[in-house]
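Here is the structure we will look at.
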Amino acid sequence: MQMAALLLVGAAAILVTEGSYGPLRPLWLVLTGLLALPLVVGVSSAAKRLLRGGVGAHDLVSLHRTPLVASFFSPMELSDAEKAVVYFLRRRGYRPSHGVRGEVVRFFGTKGRQVPLGNLLLHLGLLLLLLAGSYSSLARVEGVIHVPAGESFDLHQVKGLDALPRDFAISVDRLWVEYYGQEPPASRFAMERNARFNGMVRDYKALVRLTGDAGPAEGVITASKPLTYQGVTIGYGGYGMAGVVKVKLPGRPEYYDWFPVRIHGSALYGWYNPQELKHLAFSFRLVPDLASPAGEGGGLPDPSKVNQRLIYTTYEYREGGWAIVEERSVPTIPAEISYGHGPYILRFTFVDINRVAGLRITWDPSVPLALFGAGLLLAGLALSMFFNYRKVLIELVACEGGTLRVNFRGSCDKPIPYFESEFMKLAQRLRVRLSGGGPRGGAQGV
Amino acid sequence: MTEAELILFWVTLSAYGLAAASFLFGLIRKGQGADRVGVYLAAVGLAAHVAGLTHRSLLSGHLPGAELYELNSLGALLTVFVFLLVQARRPALRVAGSAVSFIAALLLLFGYLSNPEISPLPPEFRSEWFFVHIFFSFLAFACYATSASASGLYLWKSSYPDNGFLKSRVPSLEILDALSFRLVSFGFVFHAMMVISGSFWAYTAWGSYWSWDPIETWSLVTWLIYGIYLHLYLTLGWRGRRMALLNIIALVVIVLNFWGLGHLPGQGGHY
């Protein structure tokens with residue numbers, strides 16, 4: 001059973017690293033696979049100990065290899081000594097339990113939390129996290145769409161998001177960039193901050209409206225605060241200029257796709273190579289017009305102030321290399337560039353930072369499992385690390401002459417020095433309690 | 001850095017440096033007085049450090065964590081804080097103060113040399129989870145560093161069992177062993193909280209709570225190394241020099257993880 005679980009978890013763990021990492025990936029595969037082994041063993045052994053219940057000498061030893069030991073003689077009758085031991089354990093906050101082994105009467109006392117419960121939660125939590133990671137890599141659907149302000153998209157229309165189990169429309173009512181220095185300074189510190197950071201980007205924000213089965217909803221998303229609707233998380237996934245392309249393939253509905261546009265110096269470059277038309281590629285260069293003072297400081301040219309030229313090039317893959325088929329230069333960014341290639345139609349549009357929100361759409365069904373695992377892990381750690389578990393064993397052995405030999409042992413799940421002083425006090429008090437009017441024999445080897 | 005922050009920085013650095021020297025003097029000359037002076041100096045340094053970082057946070061409008069200087073400074077602050085807490089409970093551990101104060105001063109200086117200028121917080125870092133992540137990461141480091149200092153003392157003392165100086169000035173081997181374990185167990189919990197809060201932050205900022213980037217992976221690896229340490233200690237009952245050695249090796253892996261891997265290109269949200 002354990003081996004089956006191990007194989008299952010190992011296989012799932014390997015999937016976690018699927019598609020990631022490069023040359024060192026085999027190392028992570030081994031690591032993740034190995035991780036499952038001790039976890040399964042840990043859960044199994046902790047569960048066994050928890051289910052077995054009670055305490056025994058084996059547990060006493062397993063808590064610590066070298067339990068503290070004290071031994072002395074008592075003149076009391078066995079029945080009186082038994083009562084005294086139970087009273088003693090209860091009075092010191094230990095939960096007593098009773099047992100007999102041959103001629104020896106044994107009492108166990110435990111104090112604090114059960115270690116196995118903490119261990120069980122800890123290992124189970126980690127195992128669940130591992131499973132959640134595997135489930136996530138299998139089931140997560142993720143994609144980025146760039147929504148121009150005022151436009152609406154149906155998620156299933158977007159390439160890569162058609163696998164989403166939910167469908168709803170998303171529109172961006174308004175988007176804006178917050179800059180430092182916009183708000184009035186509330187203090188001397190804020191005034192100085194504004195002077196330092198003035199004009200730098202503080203946050204990206206978008207007012208998003210969602211329409212789906214759960215009814216209409218709206219909210220503001222920022223770069224670090226996503227919005228969740230019908231289990232789908234919508235966050236900010238990209239800022240800056242983007243290219244939007246609408247692709248119409250024969251016999252299929254038109255879909256949207258996106259390609260990044262990067263700034264190099266003061267020019268913007270974009271590249272698009274549609275997966276379905278692998279032999280085709282497009283590049284776009286938005287460069288400042290030589291007659292204008294564009295690109296000051298190497299930043300993004302402001303379309304409202306700067307004249308720009310768009311140079312777009314079409315490539316085709318021929319005989320092992322990309323060849324330029326067509327190159328055009330236009331003085332302004334056209335509203336749309338259409339390109340026909342046989343039965344295929346591609347329509348390109350440019351959008352810039354002030355008019356588009358790059359939204360990251362994520363559907364990850366493993367999140368609740370991961371949250372639950374994380375909660376178990378932390379609870380288990382707290383129980384295991386911050387709650388001491390102490391255990392004592394008192395053995396009463398009837399000796400010749402009516403005396404009792406008392407063997408007192410104690411251990412804990414933390415380093416012995418933390419328990420040593422408490423154990424010595426307990427031994428001293430037990431000796432007094434069982435002395436029947438005065439110590440006899442004396443402690444040996446505490 | 002403003003002038004006020006710069007003054008507080010140098011007061012902090014000088015106090016930590018002097019505290020390290022004072023602890024070292026106390027260790028060599030067996031002087032309890034020098035140890036006490038070391039504690040006072042470290043406390044003065046800590047107060048100036050808290051004042052400096054508070055001033056910086058008010059000015060930048062965010063908690064420390066935006067750049068390397070703030071991260072290293074926070075690490076130094078928490079290391080000294082944890083040490084002062086531990087030595088208040090176990091005064092015998094003051095002998096480890098020279099190592100701890102030296103580590104703190106080194107961190108502070110490293111941060112200062114990287115770039116101490118205040119910069120705005122990047123938009124994707126404007127999350128509460130990010131600061132929780134940073135706080136627990138350095139709290140864990142502080143526990144691990146103090147624990148490794150105790151383990152270093154363990155190795156030193158156990159190498160010279162008959163040395164009268166070590167007998168009289170350094171806590172017993174059992175105490176050092178237990179203290180190392182105790183601090184690692186605290187660090188282990190904080191480390192777990194760091195990883196979990198980091199996952200929350202990553203989910204809100206990048207849509208994925210775990211992406212197996214090198215820093216994430218090595219953070220998990222170091223957590224597992226400390227997990228092995230705890231298992232060896234609690235389950236198999238390992239004690240002594242080999243555990244002290246493992247503890248120090250684990251700290252070296254942590255240092256390489258943060259100060260080594262973090263400076264490689266392409267670390268995403270990590271430094």
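Computed from the coordinates by the stated procedures, all read-outs in this text should not be read as laboratory data. Because the structure is predicted, anything quoted here is derived from the model rather than measured. Every residue, glycine among them, receives a Cβ derived from its backbone with ideal geometry; neighbour counts consider all protein chains shown.
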Restricting to Cα pairs under 8 Å and 6 or more apart, the percent relative contact order of region B:122-271 works out to 31 percent
Pair B:S14, A:L277: separation of 7 Å Cα→Cβ label points (nm):
7.1 nm
Using the beta-carbon distance between A:E326 and B:V255 and R0 = 56 Å, what value does 1/(1 + (r/R0)^6) give for FRET efficiency, to the nearest 0.05?
0.50
Neighbour counts of other C-beta atoms within 10 Å: give me A:D213, A:D364 arranged from fewest to most.
A:D213, A:D364
Ranked list, fewest to most other Cβ atoms within 10 Å of each Cβ, for A:K425, B:K157:
A:K425, B:K157
Output row, site B:N115, 7 Å Cα→C-beta label point, backbone N cut-off 18 Å, window region B:1-16, residues B:1-2
For region B:106-116, take each phi angle, set θ = phi - 60°, evaluate the Karplus expression 6.51 cos²θ - 1.76 cosθ + 1.60, and give the result in whole Hz per residue in order, putting x for glycine and proline.
5, 4, 4, 5, 4, x, 5, 6, 5, 3, x
D (Stokes-Einstein, µm²/s), Kirkwood Cα radius, region B:1-72, 1.306 mPa s at 10 °C:
122 µm²/s
Using a Förster distance of 25 Å, how high is the FRET efficiency between B:R29 and B:R89, based on the Cβ-Cβ distance and rounded to 0.05?
0.50
Could you check the simple spin-label distance between A:V104 and A:E151, using points 7 Å along Cα→Cβ, in nm with one decimal?
8.2 nm
Which value in nm describes the separation of the simple spin-label points at A:E254 and B:V221, placed 7 Å from the Cα toward the beta carbon?
5.1 nm
Provide the FRET efficiency to the nearest 0.05 for the A:L138-A:Y179 pair, computing r from the beta carbons and using R0 = 51 Å.
0.75
Region B:118-265: radius of gyration over Cα atoms, expressed as a fraction of 2.2 N^0.38 Å:
1.21
